[in-house]
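**Q** My structure is below; once you've seen it, I'll send some questions.
The values are calculated or read from the model by the stated rules, or taken from the named source; none is laboratory data. All figures in this text were calculated on a predicted structure; none of them were measured in a lab. Every residue, glycine as well, gets a Cβ built from its backbone with ideal geometry; the counts of neighbours run over all protein chains shown. SASA here: full protein model, heavy atoms, side chains in, ligands and nucleic acids out. Shrake-Rupley method; radii C 1.70, N 1.55, O 1.52, S 1.80 Å.
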Amino acid sequence: MELLDGMQTRKSIRAFKPDPVPRDLVERVLDAARWSPSWGNTQPWELVVAGGEVVTRLTGDMAAAFEQKQPPNPDVVMPQTFPDAYKERYMACAAGLFGTMGIAREDKARRFAHMVNMTRAFGAPAIIYVVFEEGLTVPYTMLDLGALIHGVCLAAHALGLGTCIEAQLALYPDLVRRHLDLPANKKIVVGLALGYPDPAAPANAFRTDREPLDKFVIWVGC
Ligand SMILES: Cc1cc2nc3c(=O)[nH]c(=O)nc-3n(C[C@H](O)[C@H](O)[C@H](O)COP(=O)(O)O)c2cc1C
């Protein structure tokens, strides 16, 4: 797959086939993504790849916590509000996805069921957890991790896999640490749902839009 094509055709996948992803294929993805840039080449990322029963047990516990409305306590502060322009895009994204899935705005039960399914990594057979060590400077570390995450998503796409970056999978970091056997100083940023896209699922027909260049680029002296 040509790089520029891959960048334009990657999208979040929110329904997966149950087929496990062979470990050597995940290794190819991560072997490409490890070349992502970072501040001073510090490479402040750690990845934990979970599959099989670990995913079943972890997502089961997270979904139960979510359904019981246990208060989330993410390691990295999550945005609660947005200035208007960004809020509009956020709302449009949710409305577009629910519209494509045939979920009515007022159908709270199905919207909640979608969130629970999100907590179950949309049925993905694997989750790649993105972790960093406590003590790193958070804002720039997030920039470095973001570069890596995009690299993972692009490489997975190039190899026929689908991903969804999910903050939802980081709502209960203590559960994640327990299931992945991680110490308390390993902070959980997001989980990436990983697997083979289910082409028949309505959720996967959804495509987000992007603003044109003239909306966010200022040219100076050129
Ligand atoms: C930091 C981050 C967290 C995200 N968390 C979630 C999530 O919890 N659930 C979800 O369905 N999508 C999540 N997404 C996916 C975004 O909704 C998606 O990338 C965005 O709408 C653009 O769509 P696209 O990825 O299909 O191009 C997240 C993306 C990022 C970058």
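**Q** Given the criteria modelled with pLDDT under 95, out of contact with any strand residue (DSSP E or B) (no Cβ under 6 Å at 6 or more places or on another chain) and either of a type in the set (Val, Ile, Thr) or closer than 24 Å to Met1 by Cβ (or both), does Thr208 qualify?
**A** No.
**Q** Given the residues Asp198, Asp214, which is the only one that is open to solvent by 40 Å² or more (accessible area, probe 1.4 Å), of a type in the set (D, E, K, R) and without any contact (Cβ under 8 Å) to a residue 12 or more places away in the chain?
**A** Asp214
**Q** A further question on this structure: Among the residues of the stretch 125-163, what is the count of those that are more than 15 Å from Leu47 (Cβ to Cβ), of a type outside the set (A, V, I, L, M) and away from the ligand (no atom under 13 Å from the Cβ)?
**A** Matching residues across the stretch 125-163 total 7.
**Q** For Val138, only one of the following conditions fails: (1) modelled with pLDDT under 95; (2) surrounded by 20 or more Cβ atoms within 10 Å (Cβ to Cβ). What is its number?
**A** Unmet for Val138, out of (1) modelled with pLDDT under 95; (2) surrounded by 20 or more Cβ atoms within 10 Å (Cβ to Cβ): (2).
**Q** Take the residues in the stretch 5-24 that are within 17 Å of Pro197 (Cβ to Cβ) and surrounded by fewer than 16 Cβ atoms within 10 Å (Cβ to Cβ); name whichever of them is farthest from the ligand (Cβ to nearest atom).
**A** Kept after step one, since they are within 17 Å of Pro197 (Cβ to Cβ), are these residues of the stretch 5-24: 5-6, 8-22.
When the remaining residues are screened for being surrounded by fewer than 16 Cβ atoms within 10 Å (Cβ to Cβ), the result is 5-6, 8-9, 18-20, 22.
Values: Asp5: 14, Gly6: 12, Gln8: 10, Thr9: 10, Pro18: 19, Asp19: 21, Pro20: 22, Pro22: 24 Å.
This residue is Pro22.
**Q** Also, quick follow-up: Find all pairs meeting these conditions: Cβ atoms under 7 angstrom apart; at least six residues apart or on different chains; first residue within the stretch 59-78 and hydroxyl-bearing (Ser, Thr, Tyr); second residue open to solvent by less than 60 Å² (accessible area, probe 1.4 Å).
**A** Thr59/Thr119; Thr59/Ala121
**Q** Which residue, of Gly151, Gly146, Gly102, is on the phi > 0 side of the Ramachandran plot and surrounded by fewer than 20 Cβ atoms within 10 Å (Cβ to Cβ)?
**A** So the residue among Gly151, Gly146, Gly102 that is on the phi > 0 side of the Ramachandran plot and surrounded by fewer than 20 Cβ atoms within 10 Å (Cβ to Cβ) is Gly102.
**Q** Suppose we filter the stretch 90-112 for residues that are farther than 17 Å from Arg210 by Cβ and touching an Asp or Glu at 6+ places or on another chain (Cβ under 9 Å); how many remain?
**A** Residues flagged as farther than 17 Å from Arg210 by Cβ and touching an Asp or Glu at 6+ places or on another chain (Cβ under 9 Å) within the stretch 90-112 amount to 2.
**Q** Among the numbered criteria (1) within 16 Å of the ligand (Cβ to nearest atom); (2) within 20 Å of Thr163 (Cα to Cα); (3) of a type in the set (Asp, Glu); (4) in contact with a strand residue (DSSP E or B) (Cβ under 7 Å, 6 or more places away or on another chain), which single criterion is violated by Glu46?
**A** Of the numbered conditions (1) within 16 Å of the ligand (Cβ to nearest atom); (2) within 20 Å of Thr163 (Cα to Cα); (3) of a type in the set (Asp, Glu); (4) in contact with a strand residue (DSSP E or B) (Cβ under 7 Å, 6 or more places away or on another chain), the odd one out for Glu46 is (1).
**Q** Hey, another quick one. Name the residue, out of Val116, Val26, Val49, Val55, that is at pLDDT 95 or above and either at positive phi or not in a helix (DSSP H, G or I) (or both).
**A** Selected residue: Val49, the only one of Val116, Val26, Val49, Val55 that is at pLDDT 95 or above and either at positive phi or not in a helix (DSSP H, G or I) (or both).
**Q** Under 8 Å between Cβ atoms, at least 6 apart or on separate chains: pull out the pairs that start in the stretch 87-115 with a residue that is farther than 15 Å from Ala15 by Cβ and end on any residue that is more than 10 Å from the ligand (Cβ to nearest atom) and open to solvent by 70 Å² or more (accessible area, probe 1.4 Å).
**A** Lys87/Thr81; Tyr90/Phe82; Ala95/Arg105; Ala104/Arg110
**Q** Just wondering, is there one or more residues in the stretch 79-101 that are within 30 Å of Gly40 (Cα to Cα) and within 13 Å of the ligand (Cβ to nearest atom)?
**A** Yes, that holds for at least one residue.
**Q** Which members of the stretch 112-124 meet the condition of being more than 10 Å from the ligand (Cβ to nearest atom) and open to solvent by less than 10 Å² (accessible area, probe 1.4 Å)?
**A** Passing the criteria: only Ala124.
**Q** Something else now. Do you know which residues across the stretch 164-181 are closer than 18 Å to Thr56 by Cβ, away from the ligand (no atom under 14 Å from the Cβ) and either in contact with a strand residue (DSSP E or B) (Cβ under 8 Å, 6 or more places away or on another chain) or touching a residue at least 12 places away in the same chain (Cβ under 8 Å) (or both)?
**A** Correct list: Leu175, Arg177, His179, Leu180.
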